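Readers should treat all values here as calculations from the given coordinates under stated rules, not as data from a laboratory. Since we're looking at a predicted model, the values are computed, not measured. Backbone-built Cβ (ideal geometry, glycine too); neighbour counts: all protein chains shown.
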Amino acid sequence: MATFDQIKGFVFDLDGVITDTSLYHTKAWRQLAEKLGVTWTKTLEDGLKGISRMDSLEIILKAGGIENNYTHDQKVALATEKNTNYVNEIKKMTPDNILPGIKAFLDDLRDNGYLISLASASKNGPTVLERLQLTDYFPKIVDPASLSKGKPDPEIYVKGAELLNLPPEACIGVEDAAAGIEAINAAHETSVGIGDAQTLAAADVRFDDTSQMTLANIKAKMG
Ligand code: BG6
Ligand code: MG
């Protein structure tokens, strides 16, 4: 792991880190899964976190053993249906949906000259940032449509560091999903996980929730 004073930039996941949208993704996928007769489980739910829209749909269909029952066009229609429900949820979002401590943390990063980029798999990322009034904090956003592979592949985090003109070793990646921590580690960045110890066992540094994520606490854990 890098030392704290080597760190010059932060590459952020969005859903479940900056805001609680992972709940809305879960709600919309669950609705679709149950409509298709696929049993919803906690393992299925956790396995979808950080995963792109079409990959998530494939995982759900496979869980129900029905992945060969649909044409490509039908799968696109199902993913679009989920997204329509998700977009309806995020329309209601306000800055109150920013997770605890995140605004103060972003201000602290900015005041201390750290560079910031967004590495979200979500094509709705810019809309969510607008709803939260956080767009100005994220001048650099990886376009998920430009990726050849989704998380847990490191590509999105490699690009997040490139957008900041920093080597990966000078970056911290922040994630709530196991697939995201795997991506950060494979990109050779320092991984900060937000969530439970079992799910995020591979994280270099971990906090139970966002309120504990401060520069001082990260420094104390990195050494
Ligand atoms: C990730 C979420 O950030 O984005 C996943 O954790 C979601 O749950 C993925 O499937 C893609 O999002 P979207 O908004 O492009 O469907
Ligand atoms: Mg996430």
*Extension gain, Lys35 back to Glu81 (0.36 nm per residue minus Cα-Cα distance, nm)*: 15.4 nm
*Residue-wise HN-Hα coupling along segment 66-71, computed from phi with Karplus coefficients 6.51, -1.76, 1.60 (Hz; x: Gly, Pro)*: 10, 5, 9, 8, 10, 6
*Go ahead and estimate [θ] at 222 nm for the chain from helices alone: -39,500 (n - 2.57) per DSSP H run with n ≥ 4, summed, over the residue count, rounded to 500.*
-12500 deg cm²/dmol
*Listed peptides 38-46, 164-172 by packing density, highest first (mean Cβ within 10 Å)*: 164-172, 38-46
*Could you calculate the FRET efficiency of Ala197 with Asn165 from 1/(1 + (r/R0)^6), where r is the beta carbon distance between them and R0 is 45 Å, rounded to 0.05?*
0.85
*Using +1 at the Cβ of each Lys and Arg and -1 at the Cβ of each Asp and Glu in the chain, identify which of Tyr137, Ala220, Asn185 lies farthest towards the dipole's positive end.*
Tyr137
_Gyration tensor (Cα) of segment 22-90, equivalent ellipsoid semi-axes in angstrom_ = 17, 15, 10
*Roughly how compact is the chain, stated as its Cα Rg over 2.2 N^0.38 Å to two decimals?*
1.00
*In what sequence, highest mean first, do 84-90, 56-62 appear when ranked by Cβ atoms within 10 angstrom?*
56-62, 84-90
*Centre separation in Å (Cα based) which lies between segment 5-78 and segment 104-169*: 20 Å
*Subtracting the Cα-Cα distance from 0.36 nm times the residue separation, let me have the gained length for Lys91 to Gln74 in nm, one decimal.*
3.5 nm
*Mind giving me the nanometre distance, one decimal, between the label points for Lys62 and Asp107, set 7 Å out from Cα along Cα→Cβ?*
4.4 nm
